[in-house]
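In what follows, a structure is listed as C-alpha cells, so that the remarks can point back to it.
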C-alpha cells in the first residue's frame, strides 16, 4: 500500500503537467506561427520577398485563428482582443504590400505583428502559472 501511494505521489505531478494545454496544441496558432516565422526571420535579414508573397496567406491564417475555438485555458478576453489586433494588422500589412509600400515600412509593420503574436503566446503561457 505504501509503495502504491509513493508511486502515485511521484506520478501525479507528471500527469498534471501533461494535462495542461500548451500554446503549440492550438493548431491555428501553430499554423499562423509557420507563416510568421517564415516571413519575419527573413525580413530581419532584409529579405522581404517572403512577406510580399505571403501577406494574403498571413491574413487568412490570422482570420482562421481568430475564428477558431480556443482551448478552454486560452479562451480569455485579452487573447481575443490581441487576435483582433493581429487580424487588423495583417490586413493593413497586406494592403501595404499591394500598394508597394517601402521596405522599411513593411518591416516596421511586420515587426509590430510579430510583437502582437508573441504577446498572445505569452498570454497563453501565463495561463499555466
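Quick note: the coordinates plus some simple rules give every number you see, no bench work behind them. Quick caveat: nothing in here was measured; it's all calculated off a predicted structure. As a convention, Cβ positions derive from the backbone with ideal geometry for all residues, glycine included, and neighbour counts pool all protein chains shown.
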Query raised in the report: Using alpha-carbon pairs under 8 Å, 6+ residues apart, how would you state the relative contact order of region 45-117 in percent?
Result: 38
Report summary line: Most packed first (mean Cβ within 10 Å per residue), the peptides 94-101, 42-49 order as 94-101, 42-49
Report summary line: The extension gain from residue 25 to residue 37, computed as 0.36 nm times the residue separation minus the Cα-Cα distance, is 2.6 nm
Report task. Between residue 88 and residue 44, with labels modelled 7 Å along Cα→Cβ, what's the label distance in nm to one decimal, could you check? Result -> 2.7
Query raised in the report: Where does each of 80-92, 104-116 land if you order them by average Cβ count within 10 Å, highest first?
Result: 80-92, 104-116
